[in-house]
Structures are given as structure tokens and as C-alpha cells.
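Undergrad: Next up is a structure, given as C-alpha cells.
The values are calculated or read from the model by the stated rules, or taken from the named source; none is laboratory data. Note that the structure is predicted; figures quoted are calculated from it, not measured. Positions of Cβ are backbone-derived with ideal geometry, glycine not excepted, and every protein chain shown enters the neighbour counts. Only protein heavy atoms, including side chains, enter the accessible area calculation; ligands, DNA and RNA are left aside. Shrake-Rupley method; radii C 1.70, N 1.55, O 1.52, S 1.80 Å.
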Amino acid sequence: MQCKEETEEMETQRKNVHAETLHADETPPLKDFEQKNERADHLQEPAKDDSNGEAPIWEHIGELRQRLLKCVAAVVVCFACLMYVGPQRIMDLVTAPVKKEGVQFIYLGLADVLYVQMKVVFLCAVILASPLLLWQLWAFVRPALYPEEKKLALGWTFLSLFLFVLGVTFGYVAVFSSALSFFVYVGADTALP
């Protein structure tokens with residue numbers, strides 16, 4: 001009998017504790033369920049902006065997409081301009097050191113002339129558009145840097161642009177002609193240049 005009374009007393013205590021927790025929360029179970037669903041919906045939607053100024057991943061991907069499209073557009077515009085100027089003028093400029101060495105080009109296929117001209121014009125378009133390509137890269141990375149890193153990187157940007165132009169010029173004037181002379185010398189016994 002005493003065991004039955006203790007069980008009833010424990011049951012009433014449990015009900016009281018449950019009632020106290022309901023009053024403490026002041027949210028009925030249905031309201032609590034709706035709040036959990038709102039939290040789940042919030043997790044599915046991308047956030048607009050965090051409190052510390054960081055953008056969510058989808059904004060970064062969208063910005064990267066825009067910048068890549070601008071880069072592609074810059075290369076296409078440079079390619080179209082160079083094609084308008086004339087691929088033969090560009091080929092004459094690029095092949096001038098080769099022709100000085102007395103080497104003549106031989107095309108083995110019908111469309112090889114067109115393919116080679118298109119490749120050379122495309123590479124020249126990428127070189128011509130490279131300042132804009134590098135600027136788009138800088139504009140994408142810049143928001144993630146601290147102010148002192150931005151100042152440091154800005155100095156390196158101008159230096160790297162100068163060194164890029166210097167490297168392209170050096171490659172065309174010195175390396176290209178030296179490499180051409182070497183390959184003509186090495187293959188002179190085996191094949192006709």
C-alpha cells in the first residue's frame with residue numbers, strides 16, 4: 001500500500017515539474033514546433049550578410065562568375081581587335097626573328113595555316129588582356145585583405161605589371177631568337193629547316 005502511495009506521489013511530482021517547465025518556457029508545443037521550422041527554413045535560405053562583414057559563399061561564387069565573364073569578354077574583345085588588324089601582320093611580327101635566321105615555315109595540312117594564325121592571335125590577345133585579367137583577380141581578392149595587406153599588395157601589383165611587360169619583351173627579343181638558333185643548329189643534320 002505504501003508503495004502505491006509513493007508511486008502516486010512521484011507521478012504528481014512529475015506532472016508538477018512538467019507543468020512548471022511549460023510555464024517557464026511559456027510556449028506551447030505547437031509554437032515550439034513552428035519556431036524549429038522557422039529555424040530550419042532560415043538554414044535553407046542563404047544569409048544576406050553576417051554581422052562581421054563576411055559574405056556567404058553564394059555571393060562569392062556569384063562575384064567570381066561575374067569576374068570570370070569579364071575576363072572572357074576582355075580576351076574575346078582583344079582577339080576580335082587583333083583579327084580585325086589582321087592575323088598576317090601579327091604573324092609577320094612574331095615570325096620576324098625566325099625569318100632572320102633563314103628558316104621557312106612548312107605547313108603539312110590544309111588548315112594548318114589557319115590554326116597556327118588563330119593560336120598566335122589568341123596568345124597575343126591573352127597577353128594584351130592580361131592587365132585587365134590581373135586587375136579582376138585583384139578586385140576579387142582585395143575585400144578579403146586587411147588594410148595593411150592592401151597597401152603592401154598594391155605596391156607589388158605595379159612591380160609585377162612592370163616585370164610582366166619586361167619578361168614578355170625579354171622573351172621575345174632574347175630567349176626566342178636564342179632558342180630558335182639552338183633548335184635550327186640541333187636539327188640541321190637531321191631535317192631541313
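Undergrad: Kindly indicate the residue of segment 95-111 that is farther than 20 Å from Val175 by Cα and either modelled with pLDDT under 90 or within 30 Å of the chain's Cα centre (by Cα) (or both) and also surrounded by the most Cβ atoms within 10 Å (Cβ to Cβ) among those meeting that condition.
TA: Going residue by residue through segment 95-111, those that are farther than 20 Å from Val175 by Cα are 106-111.
Among the residues that remain, those that are also either modelled with pLDDT under 90 or within 30 Å of the chain's Cα centre (by Cα) (or both) are: 106-110.
Numbers: Ile106: 8, Tyr107: 11, Leu108: 5, Gly109: 8, Leu110: 7.
Step by step, filter segment 95-111, then rank; the result is Tyr107.
Undergrad: Another question about this same structure. Go through segment 147-173 and give me each residue that's out of contact with any helix residue (DSSP H, G or I) (no Cβ under 8 Å at 6 or more places or on another chain) and basic (Lys, Arg).
TA: Residue satisfying the conditions is Lys151 alone.
Undergrad: Taking helices (runs of 4 or more DSSP H) that do not extend beyond segment 78-193, which have at least 3 residues that are of a type in the set (Gly, Ala, Ser)?
TA: Helices (runs of 4 or more DSSP H) meeting the threshold: 112-141, 147-170, 176-186.
Undergrad: In segment 74-94, what residues are open to solvent by less than 50 Å² (accessible area, probe 1.4 Å) and either polar (S, T, N, Q) or over 14 Å from Ile127 (Cβ atoms) (or both)?
TA: The answer is Gly86, Pro87, Met91.
Undergrad: Does Lys150 fit the bill of being closer than 30 Å to Ile57 by Cβ, under 29 Å from the mean Cα position of the chain (by Cα) and open to solvent by 40 Å² or more (accessible area, probe 1.4 Å)? Don't jump to the end; show me each part of the working.
TA: Values: closer than 30 Å to Ile57 by Cβ: yes; under 29 Å from the mean Cα position of the chain (by Cα): yes; open to solvent by 40 Å² or more (accessible area, probe 1.4 Å): yes.
The answer is yes for Lys150.
Undergrad: Turning to a different aspect of this structure: So which residues in segment 153-174 are at pLDDT 90 or above and loosely packed, with under 10 Cβ neighbours inside 10 Å, if there are any at all?
TA: Matches in segment 153-174: none.
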